[in-house]
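> So that we are looking at the same thing, I have put the structure below in structure tokens.
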Amino acid sequence: MSMQQHPWLLRVENLTKIYGEPGPDTLSKTGPSFESNICPDTDSIVACADVSFDLYPGEVLGIVGESGSGKSTVVKLLCFDMEPSVGNAWLRPYMDGAVDMLHVSGQQKRFIRHHLMGVVYQNPRDGLNFRFSSGGNIAEKLIMAGHMHVGRIRERASFLLEKTEVPIRRMDDLPASFSGGMQQRVQIAKAIANHPPLLFLDEVTTGLDVSVQAKVLDLIRELQQELGVAMIVVSHDLSVIRMLTDRTLVMKNGRVVESGLTDQILQDPQHPYTQLLVSSLL
Ligand SMILES: Nc1ncnc2c1ncn2[C@@H]1O[C@H](COP(=O)(O)OP(=O)(O)OP(=O)(O)O)[C@@H](O)[C@H]1O
Ligand SMILES: [Mg+2]
């Protein structure tokens, strides 16, 4: 079944983030052909520019690229961790996709973030409150989305921990006492707590031991299939992208240099940078 038959879930246009004061030529003097995201005239930094894509319901989109290429910036802009310099994005479940979510009030953004998105960060300290227990972290997300009933919140939290294979007996323990892999599982449990249609996963297995990494990737794949949730998966590691994603954006120096079906990109990479990435995978 082609997912393109459905209307998009998320539409992103011209997403751009520039640090510092850009000049008139900042965009035309940065990017892959200059091997740099720093404007030679103004020293402003083009973290990402002109990023556009559609994401379909249940689809998994990868963003791959070297360190500093702008992958995390794209995610942070879309989950409202930072504000874009330029760009628009529409999310179907918000106002039926008719209102640009990047230009609504902070209150509306919090609503979208709490009800319609889940985010899993590379560093568990960005996604979890280390002063709350693992169960407390999930409860926090449920409360933010308007759940009130303590018994049901606890029930849902234990269900989610079970689903993400965190021992239930650790529910009242602080995340600091957990292994890295288990911290990521708690983050994942929290991210899916409200049945969001969209998940962002930014380098969620980077820094884990290889064996732990494989298990967390398996869990993500299983949850994706079971829940049918759309995902944006950021990784510098093409093997993670290969395992999880349907379609991929390749970024370099703040720009998308190639996009397409992940299988096709792996079989027949077009851009020299992608060719380099793919050859390093073999
Ligand atoms: N606060 C900031 N001020 C100035 N430049 C920044 C700031 N935050 C990020 N950048 C720059 O923006 C660019 C993109 O950063 P980003 O974190 O999106 O890259 P990335 O692809 O996620 O890299 P990594 O794989 O290392 O996580 C980088 O060149 C970075 O130095
Ligand atoms: Mg990053």
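> Can you give the convex hull volume of the alpha carbon atoms of the range 46-175 per residue, in Å³?
Convex hull volume per residue, Cα atoms: 145 Å³.
> Next up: By accessible area of protein heavy atoms, probe 1.4 Å, what ranking do Ser158, Ser105 get, highest first?
Result of the area sort, largest leading: Ser105, Ser158.
> Please check the chain for the longest run free of GluC sites (Glu not before Pro) that are loop-located per DSSP (anything but H, G, I, E, B) and have at most 16 other Cβ atoms within 10 Å.
With a cap of 16 other Cβ atoms within 10 Å, the longest stretch comes to 166-282.
> Report, in deg cm²/dmol and to the nearest 500, the calculated mean residue ellipticity at 222 nm for the chain, where each DSSP H run with n ≥ 4 adds -39500 (n - 2.57) and the sum is divided by the residue count.
The per-residue figure over the chain is -10500 deg cm²/dmol.
> How large is the translational diffusion coefficient of the range 95-161 in µm² per second when you combine the Kirkwood radius over alpha carbon pairs with Stokes-Einstein at 10 °C and 1.306 mPa s?
Calculated translational D: 118 µm²/s.
> Let me ask something else about it. Find the percent of Cα-Cα distances in the range 146-282 that exceed 17 Å, and round it to a whole number.
So the pairs more than 17 Å apart make up 64 percent of the total in the range 146-282.
> With contacts defined as alpha carbon pairs under 8 Å and 6 or more residues apart, what's the relative contact order of the range 3-281 in percent?
Relative contact order of the range 3-281: 25 percent.
> Over the range 3-281, one equal point on each Cα, no solvent: what is log10 I(q)/I(0) by the Debye formula at q = 0.09, 0.12, 0.14 Å⁻¹?
Rounded to two decimals, the profile gives -0.43, -0.76, -1.02.
> Another question about this same structure. For a quick check of your reading of the filter: which trypsin sites (Lys or Arg not before Pro) in the range 116-149 sit in a DSSP loop and have no more than 13 other Cβ atoms within 10 Å?
Arg131
> So what's Rg/Rh here for the range 166-210, counting alpha carbon atoms and using the Kirkwood radius for Rh?
Reported Rg/Rh (Cα atoms, Kirkwood Rh): 0.99.
> Sum up the lysine pairs in the range 3-281 that clear both bars: alpha-carbon distance under 26 Å and a spacing of 8 or more or different chains.
Lysine pairs, 8 or more places apart or on different chains, close enough: 26.
> For the range 144-193, what log10 I(q)/I(0) values come out of the Debye formula at q = 0.28 1/Å, with one point per alpha carbon and no solvent?
Debye output, listed in q order: -1.13.
> Tell me, what ³J(HN,Hα) does each residue in the range 265-282 have, in order and in whole Hz, if you take phi through Karplus 6.51 cos²θ - 1.76 cosθ + 1.60 with θ = phi - 60° and put x for Gly and Pro?
Once θ is set to phi - 60°, the couplings for the range 265-282 become 5, 6, 7, 9, x, 9, 7, x, 5, 5, 4, 5, 4, 5, 5, 6, 7, 6 Hz.
> Loop-only check: which chymotrypsin sites (Phe, Trp or Tyr not before Pro) in the range 117-206 are DSSP coil with at most 15 other Cβ within 10 angstrom?
Passing both the DSSP loop test and the Cβ count: Phe130, Phe132.
> Consider just the alpha-carbon atoms of the range 229-282 and return their Rg together with their Dmax, both in angstrom.
For the range 229-282, the Cα-based Rg and Dmax read 10.4, 32 Å.
> Give me the accessible area per residue for the range 3-281, probe 1.4 Å, as a whole number in Å².
Each residue of the range 3-281 exposes 45 Å² on average to a 1.4 Å probe.
> Between Glu155 and Ser280, what FRET efficiency comes out of the Förster formula 1/(1 + (r/R0)^6) with R0 = 51 Å and r the beta carbon distance, rounded to 0.05?
The calculated FRET efficiency here is 0.65.
The values are calculated or read from the model by the stated rules, or taken from the named source; none is laboratory data. Quantities reported herein were computed from a predicted structural model and do not represent experimental measurements. Every residue, glycine among them, receives a Cβ derived from its backbone with ideal geometry; neighbour counts consider all protein chains shown. The accessibility values were calculated without ligands, DNA or RNA, using every heavy atom of the protein model including side chains. Shrake-Rupley method; radii C 1.70, N 1.55, O 1.52, S 1.80 Å.
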